[in-house]
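A short worksheet on the structure shown next.
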Amino acid sequence: AWCPDRTLMESKKYITQSLGAQFADPVIFNMEAMYGRAWCPDRTLMESKKYITQSLGAQFADPVIFNMEAMVFESRPRTPLVNFLSMGSDPTVEIETLARKLRIPCQSISMGQAQEIHARKLIDAFVVQGGWALLQNCHLGLEYMTELFGYLGRVERCHPDFRVWITTEPHPGFPMSLLQIAIKFTSQPPA
């Protein structure tokens, strides 16, 4: 995926490894005096995109128009929808707007500080009556994510409108088993 925040970081890392730190840090080294231009994040993104387009093709550099509604219709009640958060992005508004459009109840819980109890109650209710449970910042409740995986495998009947939405920062301790059964997506922050 084309992620501007990661592209800047990786471009700077590449320059540091290839040419040295003095070429990647605008404070230490004045590239403008030497090359007529300074280290510029916007220019780096533009040049990186240009390079990818020329090397691999435009389909690898152009952003994909994300269709959340199509993703919901592709999913099943026991299939969690996991959003990997990137800097400045939050899919909450889009998820809640889509729920209103489809006339499906949606309730969110921000994980951490013993919110697992509330998450269990919400999921138990929505499995029966239908609705979307939006569990936010699940990197703060990793133990519950393992429990959720087991629950989704054990539950006998799910309402057809039941969905579990999960937002999380990338975390090495996030249960792989839950990721393997999930539909995973990421969204970019607004320009």
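Every number here is computed from the coordinates shown, using simple stated rules; none is lab data. Owing to the predicted nature of the structure, the values given are computational and were not obtained by experimental measurement. Using ideal geometry, Cβ is built from the backbone for each residue, glycine included, and neighbour counts are taken over all protein chains shown.
Key figures
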quantity	calculated
Additional length obtainable on full extension of the chain from R154 to L56, 0.36 nm per residue less Cα span	30.9 nm
Amide hydrogen neighbours beyond the local backbone of E169, cut-off 5 Å, H modeled	L85, C138, H139
Sparse-neighbour loop sites [GluC sites (Glu not before Pro); segment 89-191; at most 11 other C-beta within 10 Å; DSSP]	E156
³J(HN,Hα) computed for each position of segment 112-120 - Karplus, 6.51 cos²θ - 1.76 cosθ + 1.60, integer Hz, glycine/proline x	x, 6, 6, 7, 4, 4, 5, 5, 4
